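A short write-up of the structure that comes next.
The values are calculated or read from the model by the stated rules, or taken from the named source; none is laboratory data. These numbers were taken from a predicted model, which means no experiment stands behind them. Glycine gets a Cβ as well: all are built from the backbone with ideal geometry, and neighbour counts include every protein chain shown. Only protein heavy atoms, including side chains, enter the accessible area calculation; ligands, DNA and RNA are left aside. Shrake-Rupley method; radii C 1.70, N 1.55, O 1.52, S 1.80 Å.
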Amino acid sequence: MIQEQEETDKLTDARLMLDMILKMSMEYTTLKQISRDKDNSKLKVRVLRMWDAINIANNHDLISLDMILVDKEGTSIHASIRKNLAQSFRPQLNEGSIYTITNFLVEENKGNYRPVHNQLKILFNSTTSVSKFNGFDHSIPQSQFEFADYGTIASRCYDNTYLTDVIGILDYIGAIEEIKTRGRPTKMRNIQLLLEESKSIRTTLWGNITQQIDDDFYKTNKGPFILIVTSTIVKSFRGEYQLSSTFATKLYVNLDIPEVVEIRNKYTTMNITVKDILPKELPKPQDEELALHNKKTVAEIKNLEWNSNTKDLLVTCNAKIINVNNKYGWYYVACLICKTKVKQVKGVLWCERCKNQPKFAVPSYRIQVQVQDETDSTTFILFDKGAERIISKTAKELAEMQEEIFKLDGNTIPKEIQKIIGNEYLFQLHLDEYNLKYGKENYTVSKILEIEISHKQNDSCKVEEHQDTMEEIVKKSRKDKYIASPKTEIGETSVERPERIPLQMLQKRQKSAKQNAAKKKKN
């Protein structure tokens, strides 16, 4: 009887303990249950990642201490502690630990650079209580990411609503370089990842993030190395998507999670070695050297014949700009990503190279100039790279000024472009089959090597003084009609969105220019 009573007591104690555990677990609010109206929530969460948000525009001052929290349901949320409270909470918090948190604020997450998909955000205040959970709770994930595939990466180019996590095989590691940003020295390092879609993507690490790469580890261990890079922003360079680290970025190598195991099993038979240092680029020749390389007169260029050795040629030519042919305008509307000309298809703009409707388009130079030397004359085409060097303004800036001064008359040549008439330059030209095989004389300028070899401004190109006055008035009074250029406060460097023109404005400008041209023909 005594033994039976003891067993009964043990069962009773076990039930009481279980009831207590269940009761305690029921006391906690899940992250899905919190709201702005509920002020008695009690969370049990793990701190996945922590970082300092820095104001790079103001002497690198601390803005806030930020973190990502996750609960047992796998729901994650961005939490932030403002500058004045950060130092008091910092000693209480560690990455990877579990905490009970009460008396916090919940607000709508409206800002950019969101590290997780959650419409709400947690703010600590002076009454917030944080207690460390000293036991083990394997129901709360120890790591969690929101991996983006290549398509998602492409869709986020210059759209910084959400930060981007990626996973891939480490292909190469660049050497740490020191450059200056905003007058301050900072470290920079490039790495490249091979993504599952057989795409590669370069990632630029900034500042202290460069130290998260341990060179010795990759030299002494066998790959493949599956690398996770969190909280990046997506940019583009020469038509290629690239990632850039932020202050929230963390790097994890060969983490024990299903996604890493899957990639490792897939590539375990492949011999993938990490290159220690990026291949060094050949020293760039100076303009003086390029000027002597394959230099031709205009007549010699026109007489070049196509053969297997001249399918693609770089030549230099010293010539004077004698006229600007504005028959087709001086700029085109380009896709922001690939710089290809966008076309109107069924009332919307379409990029044939990207195979989609571009979110933004931007004016890009295409100036057709007639040039002449002592041997002959021909036509050169200036695009952004060459034109911006001698005009000192972007096509977007001139398009904006022209819209105000000439009321969308796209047939008027801005005086900044007129000023290049009569000037002599050393041009580097890219010749292809279009020129060499088919004899087309529209030669593409890839670079202008010398600025103003001779500066002889034609009197006929002068613009009346009142136009200068109008421009000054416009600059002072015009409100910016272009999309703002927000700067990230979370990133290691100031990331500024390129100035972009809404598509409706560009379509309106094109339509108005065509109407004006039609009126002139009638007259």
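What the table shows:
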quantity: Residue satisfying condition, being under 25 Å from the mean Cα position of the chain (by Cα) and either assigned to a loop (DSSP other than H, G, I, E, B) or modelled with pLDDT of 85 or more (or both), within set Lys359, Lys320; calculated: Lys359
quantity: The lone exception for Ile101 - which of (1) more than 26 Å from Val234 (Cα to Cα); (2) free of Cβ contacts under 8 Å to residues at least 40 places away in the same chain; (3) open to solvent by less than 20 Å² (accessible area, probe 1.4 Å) it fails; calculated: (2)
quantity: Tally, over the range 118-143, of residues that are of a type outside the set (A, V, I, L, M, F, W, C), in contact (Cβ under 8 Å) with a residue 24 or more places away in the chain and open to solvent by 50 Å² or more (accessible area, probe 1.4 Å); calculated: 6
quantity: In the range 199-214, the residues that are open to solvent by less than 70 Å² (accessible area, probe 1.4 Å) and under 20 Å from the mean Cα position of the chain (by Cα); calculated: Ser200, Ile201, Thr203, Thr204, Leu205, Trp206, Gly207, Ile209, Thr210
quantity: Residue check, Glu300 within 23 Å of Gly422 (Cα to Cα), outside any loop (DSSP other than H, G, I, E, B) and at pLDDT below 85; calculated: no
quantity: Failed criterion for Ser139 (all others in (1) within 22 Å of the chain's Cα centre (by Cα); (2) outside any strand (DSSP E or B) hold); calculated: (1)
quantity: Among residues of the range 41-68, those that are more than 23 Å from the chain's Cα centre (by Cα) and free of Cβ contacts under 8 Å to residues at least 12 places away in the same chain, counted; calculated: 1
quantity: Count of the range 324-354 residues which are under 18 Å from Ile381 (Cβ atoms) and of a type in the set (Lys, Arg); calculated: 3
quantity: Hits in the range 362-398 (condition: surrounded by fewer than 16 Cβ atoms within 10 Å (Cβ to Cβ) and assigned to a strand (DSSP E or B)); calculated: Gln372, Thr379
quantity: Filtered residues of the range 223-242 (kept if assigned to a loop (DSSP other than H, G, I, E, B) and closer than 20 Å to Tyr150 by Cα); calculated: Phe225, Arg238, Gly239
quantity: Residue match in the range 69-88 (condition: among the hydrophobic types (A, V, I, L, M, F, W, C), in contact with a Leu (Cβ under 8 Å, 6 or more places away or on another chain) and either free of Cβ contacts under 8 Å to residues at least 40 places away in the same chain or open to solvent by 40 Å² or more (accessible area, probe 1.4 Å) (or both)); calculated: yes
quantity: Strands (runs of 3 or more DSSP E) wholly inside the range 18-132 that include at least 1 residues being closer than 30 Å to Thr152 by Cα; calculated: 42-55, 61-70, 76-82, 105-108, 120-123
quantity: The range 164-222, residues that are part of a loop (DSSP other than H, G, I, E, B) and closer than 19 Å to His60 by Cα; calculated: Arg182, Gly183
quantity: Matching residues, the range 144-153, being assigned to a loop (DSSP other than H, G, I, E, B) and either touching an Asp or Glu at 6+ places or on another chain (Cβ under 8 Å) or open to solvent by less than 40 Å² (accessible area, probe 1.4 Å) (or both); calculated: Phe145, Glu146, Ala148, Asp149
quantity: Of all residues in the range 52-68 being surrounded by 14 or more Cβ atoms within 10 Å (Cβ to Cβ) and charged (D, E, K, R), the one that is nearest to Ser41 (Cα to Cα); calculated: Asp66
quantity: Residue list for the range 218-235, filter: closer than 17 Å to Gly168 by Cβ and free of Cβ contacts under 8 Å to residues at least 60 places away in the same chain; calculated: Tyr218, Gly223, Pro224, Phe225, Ile226
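Residue by residue, here is whether (1) more than 17 Å from Thr249 (Cα to Cα); (2) touching a strand residue (DSSP E or B) at 6+ places or on another chain (Cβ under 9 Å); (3) at pLDDT below 95 holds:
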| residue | (1), (2), (3) |
| --- | --- |
| Arg46 | yes, yes, no |
| Asn55 | no, yes, yes |
| Asp61 | yes, yes, yes |
| Val70 | yes, yes, no |
